[in-house]
1. Among the residues of the stretch 272-292 satisfying the criterion of being part of a helix (DSSP H, G or I) and in contact with a Ser or Thr (Cβ under 7 Å, 6 or more places away or on another chain), which is nearest to A58 (Cα to Cα)?
2. Which of the residues that make up the stretch 38-52 are open to solvent by 20 Å² or more (accessible area, probe 1.4 Å) and either of a type in the set (A, V, I, L, M, F, W, C) or over 17 Å from S78 (Cβ atoms) (or both)?
3. Within the stretch 181-193, is there a residue that is modelled with pLDDT of 95 or more, in a strand (DSSP E or B) and under 18 Å from R32 (Cα atoms)?
4. Looking at the stretch 251-271 only, could you name the residues that are surrounded by 21 or more Cβ atoms within 10 Å (Cβ to Cβ) and either in contact with an Asp or Glu (Cβ under 6 Å, 6 or more places away or on another chain) or not in a loop (DSSP other than H, G, I, E, B) (or both)?
5. Provide a single number: the residues in the stretch 10-57 that are under 28 Å from P187 (Cα atoms) and among the aliphatic types (A, V, I, L, M).
6. Regarding the stretch 95-111, can at least one residue be identified that is surrounded by fewer than 18 Cβ atoms within 10 Å (Cβ to Cβ), of a type in the set (A, V, I, L, M) and out of contact with any Cys (no Cβ under 6 Å at 6 or more places or on another chain)?
7. Restricting attention to the stretch 205-231, which residues are outside any loop (DSSP other than H, G, I, E, B), over 18 Å from A146 (Cα atoms) and at pLDDT 95 or above?
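The values are calculated or read from the model by the stated rules, or taken from the named source; none is laboratory data. Because the structure is predicted, anything quoted here is derived from the model rather than measured. A quick note on method: Cβ atoms are made from the backbone with ideal geometry, for glycine too, and the neighbour counts reach across all protein chains shown. The protein model used for the area step is the full one, side chains on, heavy atoms only, and it has no ligands, DNA or RNA in it. Shrake-Rupley method; radii C 1.70, N 1.55, O 1.52, S 1.80 Å.
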Amino acid sequence: MTSSVETINASSAGTWQLGDLTVNRLGFGSMRLPQNGAAFADGVPSDRNRALGVLRRAVELGVNHIDTAAFYFSPLRSANELINSALAPYSDDLVITTKVGPGRDPWGAWHWATPDQLRGQVEENLRQLGRDHLDVVNLRLAPSTAGTSIAEHFGALSELRDAGLIRHLGISNTSPEQLAEARTIAPVVCVQNAYSIDSPAEDHAFLRYCGEEGIAFVPFFAIVGKGREGGATGTERDEVHTVARTHGVTPAQVRLAWTLHQGPHVLAIPGTGNPDHLAENVAAASLRLTADDLALLTP
């Protein structure tokens, strides 16, 4: 690996404010911790000690922003329980972001919460994480809600924020119109949407708009792109390979660095259960792409 990624520390990417909480822009997503292979599939449960070690190592490498959800679980593992076991008592600078809206029963079947059910989901996250409040809660929207009002759901979370159970609110899988509606109800500190080099023009425009409004944009699937929950597809754009060879890094690191280069308000949350991949992901925080690199990579 070349000197362009010498320092392996999440702080190399700089920081951003989620409300009054300061986080390093290179964080960690816990979705893949509970099991090996594709998320939410009937795969092999992860090795517990390895998963705990990855979480502890992430914090050692400067990660202070962890994304999770109560519905991140396999038959034997829960992401929230792993975070609690590995990191509690939590350091004062660790920010844990979770999301509500989707839910899964013990057998893995999905459902979407009504506004009245959101409090139960918030309390479940509190219990699993061992917290008396949640730092940031994203309202994750169902694909079927595109173009519809989110006022009832976001209003319910706003009431829980006023009650002290939630510190800050965000929205996930959302649109500019829904973001505007939510902001009439309560402050929004982050938008969490699928986003990568391969995203269409309207997604790039939404990211820029969030930056203009001082709202963090937190992409998921920044590395795997269209592979989504299933993981990397095994194919990669020639341009990504070209830049990776230039810097002596992996294509995944190029994708992460490109993501962070999209604006100071962009927070990356790559997830893995592999300690070697963790170190590579965090090392991408210090990978500086040139103007020529960005011109080659940007659609």
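1. Checked the stretch 272-292; the qualifying residue nearest to A58 (Cα to Cα) is L278.
2. Initial filter on the stretch 38-52 (open to solvent by 20 Å² or more (accessible area, probe 1.4 Å)): 38, 40-45, 47-50.
A38, F40, A41, V44, listed by residue number.
3. Filtering the stretch 181-193 down to residues modelled with pLDDT of 95 or more leaves 181-193.
Among the residues that remain, those that are also in a strand (DSSP E or B) are: 190-192.
Subsequent filtering for residues that are under 18 Å from R32 (Cα atoms) retains 192.
There is at least one residue in the stretch 181-193 that is modelled with pLDDT of 95 or more, in a strand (DSSP E or B) and under 18 Å from R32 (Cα atoms).
4. Taking the stretch 251-271 and keeping what is surrounded by 21 or more Cβ atoms within 10 Å (Cβ to Cβ), we get 252-260, 265-271.
Hits for the stretch 251-271 are A252, Q253, V254, R255, L256, A257, W258, T259, L260, V266, A268, I269.
5. 7
6. Yes - at least one qualifying residue is present in the stretch 95-111.
7. Residues satisfying the conditions are R208, Y209, C210, G211, E212, A216, F217.
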